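Read through the structure below, which is laid out as structure tokens, and then see the notes.
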Amino acid sequence: MSMESAPKETPERQAYYDRLAPADLAALWTRFPQLVSREPQSPIVPHLWRYDAVRALLMEAGELITAKEAERRVLILENPGLPGQSRITRTLYAGLQLVLPGEIAPAHRHTQTALRFVMEGEGAHTAVDGEKTIMRPGDFVITPNWAWHDHGNDSADPMIWMDGLDIPLVQMLDASFAEGFGADEYPRARPAGDNLARFGQGMLPVGYERGDNLNSPVFSYPYDRSREALETLRRSGEWDACHGVKLRYVNPATGDWAMPTMGACLQLLPKGFETAAYRSTDASVFTATEGSGVSRIGDETIEWGPRDIFVVPSWTPVRHEANEDAVLFSFSDRPVQEKLGLFREDRGNA
Ligand code: 1HN
């Protein structure tokens, strides 16, 4: 069947194909198997980045260039299956960003959506449309598309976070716009914590209408609250066979994912718990905030510890096992796949 293997080549056919290319044409029957595969065929490979190794290189960058000159001082985590393409999965970009004490990363905005997950440091801030959020390890912060954002570090220590952006997705759609603000900081509009008070307490301002905003009005999800929720649920003992205790970050005004293009989750794997094999069409980036464990991803075995980052490709079975209570943050393009009717998952027999 021509969808599974290309028809036999003959000298006459080959000669014909050779005449098609100069005319900017191609024969579909030679391409079917690549274009419409029976199952996802991803160039993305499972991979682990050790935090300490990336951190050492990032600190070197701190001596080579300022955050301001670089605009953002980031080391991109590139999937070895697609080297040189600034992506960690087919649709997502990830990097580790360093802001040194006293530095500012100037205000700009772009149509790409960003998420931050804090790895190290305490007391630096990011500001979204003029509202500052002080960042601590494990905090999850979103920067909606086209929102002005700047970062600063008034603390005494380096601040490092993981950035996740939908850059390759926006690139594929040729929908990138960006501009600088022209000053370091966007004018401060509201006091720090305003978004959490308004939208993050299981309540909404009376009369609030979300309009056409597809992003959560909450842009900071502090770690201590999410961690406490996982701990309470851990004690209830109802663990998902494939995920342990797993919660997703939501837009409290809609119940949908916090951002339209990227979905993020936090999960607790109790000590000794081994998850059942699971696969889904959304390639996912993971990092541990606490604990250590082993993940079997297809044929690869990855041993991770705190702040290491690893990637699970689309439709590749994964099983996690925790050596001690472990907490994993993860993100993927699942909201996009769900909206387009493309998301599939396979829980094995679980
Ligand atoms: C960006 O704006 C940030 O604001 C980080 O921290 C990484 C990578 C590509 C394009 C824009 C940030 C980015 C980025």
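The values are calculated or read from the model by the stated rules, or taken from the named source; none is laboratory data. This is a predicted model, so every value here is computed, not measured. For neighbour counting, all protein chains shown are included, and Cβ atoms are generated from backbone atoms with ideal geometry for every residue, glycine included. Quick note on the areas: whole protein, heavy atoms, side chains included, nothing else; ligands and nucleic acids left out. Shrake-Rupley method; radii C 1.70, N 1.55, O 1.52, S 1.80 Å.
A compact table of results
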{"read-out": "Exposed trypsin sites (Lys or Arg not before Pro) absent: longest stretch of the chain, with sites in DSSP loops and at most 16 other Cβ within 10 Å deemed exposed", "value": "73-187"}
{"read-out": "For the chain, accessible area per residue (1.4 Å probe, heavy atoms of protein chains only), Å²", "value": "49 Å²"}
{"read-out": "Pairwise centroid distance, computed over Cα atoms, of the stretch 158-203 with the stretch 28-59, Å", "value": "27 Å"}
{"read-out": "Sulfur and carbon atoms: percent of accessible area, the stretch 225-350 [1.4 Å]", "value": "45 percent"}
{"read-out": "Scattering curve values for the stretch 104-257, log₁₀ I(q)/I(0), Debye with Cα scatterers, q = 0.10, 0.11, 0.12, 0.18 Å⁻¹", "value": "-0.40, -0.49, -0.58, -1.22"}
{"read-out": "Cut-off of 10 Å, at most 15 other beta carbons, DSSP loop: longest stretch of the chain lacking such GluC sites (Glu not before Pro)", "value": "123-208"}
{"read-out": "Local net charge near Asp194, Cβ-Cβ under 12 Å (Lys/Arg +1, Asp/Glu -1)", "value": "+2"}
{"read-out": "Projected-area mean, the stretch 18-173, by convex hull of Cα positions, square nanometres", "value": "12.3 nm²"}
{"read-out": "Crossing angle, helix 51-64 versus the chain [Cα axis fit, 0-90 degrees, rounded to tens]", "value": "70 degrees"}
{"read-out": "Under DSSP loop assignment and at most 14 Cβ neighbours within 10 Å, longest chymotrypsin sites (Phe, Trp or Tyr not before Pro)-free interval of the chain", "value": "1-176"}
{"read-out": "Equivalent ellipsoid, the chain (semi-axes from 5 times Cα gyration tensor eigenvalues, Å)", "value": "36, 26, 21"}
{"read-out": "Estimated inter-spin distance, Gln14 and Arg319, nm [label 7 Å along Cα→Cβ]", "value": "4.6 nm"}
{"read-out": "The stretch 238-266 and the stretch 90-121: distance between their alpha carbon centers, rounded to Å", "value": "22 Å"}
{"read-out": "Projected label distance in nm at Asp240 and Asn213, using a 7 Å step from Cα toward the beta-carbon", "value": "2.7 nm"}
{"read-out": "Principal axis dimensions, the stretch 75-165 - Cα atoms, whole angstrom, descending", "value": "38, 27, 20"}
{"read-out": "Global form of the stretch 40-82, assessed from the alpha-carbon gyration tensor, a/c cut-off 1.5", "value": "oblate"}
{"read-out": "Gain in span if fully extended, Val294 to Thr232, counting 0.36 nm per residue against the direct Cα distance", "value": "19.9 nm"}
{"read-out": "Under 15 Å, Cβ to Cβ, from Trp146 - net charge with Lys/Arg +1 and Asp/Glu -1", "value": "-4"}
{"read-out": "Proximal lysines to Lys246, defined as alpha-carbon separation beneath 28 angstrom and excluding residues fewer than eight positions away on the same chain", "value": "Lys271, Lys339"}
{"read-out": "Shape category assigned to the stretch 24-97 from the gyration tensor of Cα positions, a/c cut at 1.5", "value": "prolate"}
{"read-out": "Degrees between helix 223-236 axis and first principal axis of the chain (Cα, 0 to 90, nearest 10)", "value": "70 degrees"}
{"read-out": "Carbon plus sulfur fraction of accessible area for the stretch 72-206, probe 1.4 Å, in percent", "value": "55 percent"}
